[in-house]
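Below is one structure, written out as structure tokens; comments come after it.
The values are calculated or read from the model by the stated rules, or taken from the named source; none is laboratory data. All of these numbers come straight from a predicted model, not from anything done at the bench. As a convention, Cβ positions derive from the backbone with ideal geometry for all residues, glycine included, and neighbour counts pool all protein chains shown. Just so you know, the surface numbers come from the protein's heavy atoms only, side chains and all, with ligands and any DNA or RNA stripped out. Shrake-Rupley method; radii C 1.70, N 1.55, O 1.52, S 1.80 Å.
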Amino acid sequence: MDNTISLEIIEVVEQAAIASSRWMGLGKKDEADEAAVEAMRERMNKIHMRGRIVIGEGERDEAPMLYIGEEVGICTQPNAAEFCTIEELQEIDIAVDPCEGTNLVAYGQNGSMAVLAISERNGLFRAPDFYMDKLAAPPAAKGHVDIRKTPTQNLKILSECLNRSIEELVVVVMDRPRHKGLISEIRAAGARVRLISDGDVSAAICCGFAGTNIHALMGIGAAPEGVISAAAMRCLGGHFQGRLVYDPAEVNTPESEKWTREGNLARLKEMGIEDGDKVYDANELACGKDVLFAGCGITPGTLMEGVRFFGGGCRTQSLVISTQSKTARFVDTIHLTGDAPKTINLR
Ligand SMILES: O=C(COP(=O)(O)O)[C@@H](O)[C@H](O)[C@H](O)[C@H](O)COP(=O)(O)O
Ligand SMILES: [Mn+2]
Ligand SMILES: [Mn+2]
């Protein structure tokens, strides 16, 4: 994959985050989402690449989306061969969530980000619009914890791998009725639980870094977000596993009452997924030779600052990681608007 893409991709997530953050706290989640989508699409279409969206956003709640199959980038134009190099013409697959945590943005809460993952063609699992049971953990626990084990067993393994007591572990779980039993079990095992209302991508990636005070993500969130989290965790060498959830009883939401177990299994079969119980690890969800993840904070988070406006501009913080580079690049950018000379305040 062309190295310069990673630099341009930073601007894609930055522009999405800035656009979305203008809706921060206004109580309008669809507008926050749509602004991010449009900004992401506009900036992506300026990149010399032949991109294809394989994971878009918004199918479940019919939010505005960069749709699956949409082609993005200058080199997708019919006469691209005239102005794009052979390398630029190679197709890359892109998984996007322009506004991960739309509710967080709408209600001015922490942890929302503009995120995407890219890889060469077929390098990212085309996750259906299903729920996914997820387990994320730090690199030291990679391959030791296992989503097929009980939370109690995994906490014991995690405590050994991280050389700390179970009481010193913090597990992030989405605050949903479906997780009542999981939360009780984690607490009974002695670990502490951090409940989040939204934003499990951020929680998963936090497990890839020491010093975040987040040692695991457990529970059920959306599958597309699982692929983006897996891409980031592959780049970081962390543990990520996901299992698609086809049984509505596991999810237990008013929406899920419309589905049946058999119907979901049939839907999976139609998509070529024969084994509904398969556990996917990060290398399968993001199987490409080269995988890159980029994210930019919309509201403040554990990993990144949110967008901060000042008279005449704003400041963003992004993270870019890839399987190619041996870096985790936190990018602090000051964006200026207008032509007048500006005083840039570094504090
Ligand atoms: O919080 C989330 C919402 O993402 P978005 O719609 O892009 O703002 C994600 O982090 C979760 O993975 C997931 O979408 C959520 O868990 C869906 O579950 P639920 O709210 O219970 O339907
Ligand atoms: Mn979203
Ligand atoms: Mn999301």
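I need the per residue convex hull volume for the stretch 229-347, using only the alpha carbons, in cubic angstrom as a whole number.
On the way: hull volume 23.3 nm³, N = 119.
Here the figure is 195 Å³ per residue.
Converting the Cα gyration tensor eigenvalues of the chain into ellipsoid dimensions via √(5λ) gives semi-axes, longest first, of 31, 24, 20 Å. Pick out which of Leu104, Leu116, Leu265 has the largest mean-square fluctuation in a Gaussian network model of the chain, springs linking Cα atoms closer than 10 Å. It is Leu265.
So, with a 1.4 angstrom probe, what is the percent of accessible area on the chain that is carbon and sulfur? List each step's numbers first, then the result.
Working: 7420 of 15320 Å².
About 48 percent, which is the carbon plus sulfur part of the accessible surface.
In a reduced charge model with +1 at each Lys and Arg Cβ and -1 at each Asp and Glu Cβ, the chain shows a dipole moment near 1180 debye about its Cα centre.
Assuming R0 = 41 Å, can you tell me the calculated FRET efficiency for the pair Phe83 and Thr260, based on Cβ-Cβ distance, to the nearest 0.05? Each step should come with its number before you reach the end.
On the way: r = 51 Å, r/R0 = 1.24.
For Phe83 and Thr260, the calculated efficiency is 0.20.
Across the stretch 71-83, computed HN-Hα scalar couplings (Karplus, 6.51 cos²θ - 1.76 cosθ + 1.60, θ = phi - 60°) run 9, 9, x, 4, 7, 8, 6, x, 9, 4, 4, 6, 10 Hz from first to last residue, x flagging Gly and Pro. Toward the positive end of the charge dipole of the chain, with +1 on the Cβ of Lys and Arg and -1 on the Cβ of Asp and Glu, the farthest Cα among Phe330, Ile92, Met65 is that of Phe330. Computed about its Cα centre, the charge dipole of the stretch 128-191 is approximately 100 debye, with only Lys, Arg, Asp and Glu carrying charge at their Cβ.
Using a Gaussian network model of the chain in which every pair of alpha carbons under 10 angstrom is joined by a spring, one finds that among Asp275, Asp30, Asp93 the greatest mean-square fluctuation is at Asp275. Compactness check for the stretch 78-212: Cα Rg over 2.2 N^0.38 Å is 1.34. Dimensions of the stretch 226-294 based on its C-alpha atoms, expressed as ranges along the principal axes with the largest first, amount to 38, 24, 18 Å. Normalising by residue count, the stretch 207-258 has a Cα convex hull of 88 Å³ per residue. Shown for the chain: cysteine residues without a partner Cβ closer than 4.7 Å, namely Cys99, Cys161, Cys206, Cys207, Cys235, Cys287, Cys296, Cys314. Prolate is the label for the stretch 61-132, because a/c, from the alpha-carbon gyration tensor with a ≥ b ≥ c as root eigenvalues, is 1.5 or above and a/b exceeds b/c.
The sum of -39500 (n - 2.57) across all DSSP H runs of n ≥ 4, divided by the residue count of the chain, sets its helix-only mean residue ellipticity at 222 nm to -8500 deg cm²/dmol. Pairing the Cα long axis of helix 261-270 with the longest principal axis of the chain, what angle in degrees results, from 0 to 90 and rounded to the nearest 10? Value to nearest ten degrees: 40. Each label was represented as a point 7 Å from its Cα along the Cα-to-Cβ direction; for Asn213 and Thr150 these points are 3.0 nm apart.
When the chain is treated as a GNM, springs tying every alpha-carbon pair under 10 Å, which of Asn252, Asn110, Asn283 comes out with the largest mean-square fluctuation? In the Gaussian network model the winner is Asn252. Take every Cα pair under 8 Å whose residues are at least 6 apart in sequence, average their separation, divide by the length of the stretch 155-256, and the relative contact order is 26 percent.
Using only C-alpha atoms and all pairs of different ones, pull out the Kirkwood radius for the stretch 6-136 in Å with one decimal.
Values: mean 1/r = 0.0659 Å⁻¹.
For the stretch 6-136, the Kirkwood estimate is 15.2 Å.
Solvent-accessible area per residue in the stretch 122-213 equals 44 Å², computed with a 1.4 angstrom probe and all protein chains kept.
Between the helical axis of 180-189 and the longest alpha-carbon principal axis of the chain there is an angle of about 70 degrees. Pairs with C-alpha atoms separated by more than 26 Å, drawn from the list Lys149/Lys289; Lys180/Lys278; Lys29/Lys278; Lys149/Lys180, are Lys149/Lys289; Lys29/Lys278. With only Cα atoms counted, the stretch 166-242 has Rg and Dmax values of 12.0, 33 Å. Using C-alpha pairs under 8 Å with a sequence gap of at least 6, the mean separation divided by the residue count of the stretch 39-123 gives a relative contact order of 28 percent. Projection of the Cα convex hull of the stretch 129-198, averaged over all directions and equal to a quarter of that hull's surface, yields 5.0 nm². Considering every alpha-carbon pair of the stretch 256-310, the percent of pairs per 10 Å bin, from zero through the bin containing the longest distance, is 17, 24, 24, 27, 7, 1.
Over the chain, what is the relative contact order in percent, taking alpha-carbon pairs closer than 8 angstrom and at least six residues apart? Walk me through the numbers on the way to the answer.
Working: 819 pairs, mean separation 64.5, N = 347.
Computed over the chain, the figure is 19 percent.
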